[in-house]
Amino acid sequence: MKRIVNPWVDVESYGCFGCAPHNESGLRLEFFEDGDDVVALWTPRIEFQGWSNTLHGGIQATLADEIASWVIFRKLQTGGVTSKMEVKYLRPVLISEGDITLRARIVEKRRNLVRVAVEITNCRGERTTEVECLYFTFSEERAREEFNFRHFHTEDEL
């Protein structure tokens, strides 16, 4: 797996809840490329619990939305917005069990609409959550000019 370099880390106004490493209240996700997939390992924290020792479902949806966007950034080298999201909660994510794995990939692309499949697995490799995101992608020009999009590289490409 190759670490994907976050191109916004040095931008002063950058504070993304999902991926800004200096956002103390955020998720602080880091992403890796594994073939066609984008992967993240993440340790649930107690402040993100819903029910006792259980990761909040809204946080799981946020994790899925964030990794889906990084699939668009890395694989298509553009930005976009989530148009639709379907979440299936298969089993609880227990905070006390430690790291979970997020894995996402493009499953269909039709013009500027892209379907991204996301799965979350617990420390035993059991699938806990399945998500399908439908993304509306921007042209590369619009992403650069209107949304300050920057090219997404892996460490070995720099």
Does the stretch 90-108 contain any residue that is under 26 Å from PHE149 (Cα atoms), at pLDDT 95 or above and over 13 Å from the mean Cα position of the chain (by Cα)? yes
The stretch 47-97, residues that are without any contact (Cβ under 8 Å) to a residue 24 or more places away in the chain and part of a helix (DSSP H, G or I): GLU47, GLY58
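Condition first: hydrophobic (A, V, I, L, M, F, W, C) and at pLDDT below 95. Can you find one or more residues in the stretch 13-21 that meet it?
Within the stretch 13-21, the subset hydrophobic (A, V, I, L, M, F, W, C) is 16-17, 19-20.
Filter once more, so that each one left must be at pLDDT below 95: none.
No, every residue in the stretch 13-21 fails to be hydrophobic (A, V, I, L, M, F, W, C) and at pLDDT below 95.
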Restricting the stretch 49-60 to residues that are of a type outside the set (Ser, Thr, Tyr) and surrounded by fewer than 19 Cβ atoms within 10 Å (Cβ to Cβ), the residue that is farthest from LYS2 (Cα to Cα): TRP51
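Of all residues in the stretch 106-115, count the ones that are assigned to a strand (DSSP E or B) and surrounded by fewer than 18 Cβ atoms within 10 Å (Cβ to Cβ). Break it down stepwise before answering.
At the first step, the residues of the stretch 106-115 found to be assigned to a strand (DSSP E or B) are 106-110, 113-115.
When the remaining residues are screened for being surrounded by fewer than 18 Cβ atoms within 10 Å (Cβ to Cβ), the result is 107-110, 113, 115.
Selection size over the stretch 106-115: 6.
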Hits in the stretch 116-158 (condition: without any contact (Cβ under 8 Å) to a residue 60 or more places away in the chain, part of a loop (DSSP other than H, G, I, E, B) and out of contact with any Leu (no Cβ under 8 Å at 6 or more places or on another chain)): CYS123, ARG124, GLY125, GLU126
So THR129 fits all but one of (1) at pLDDT below 95; (2) surrounded by 16 or more Cβ atoms within 10 Å (Cβ to Cβ); what number is the exception? (1)
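The values are calculated or read from the model by the stated rules, or taken from the named source; none is laboratory data. What you see is a predicted model; the values in this text were computed from it and never measured. Quick reminder, even Gly has a Cβ in these numbers, built from the backbone with ideal geometry, and neighbours come from all protein chains shown.
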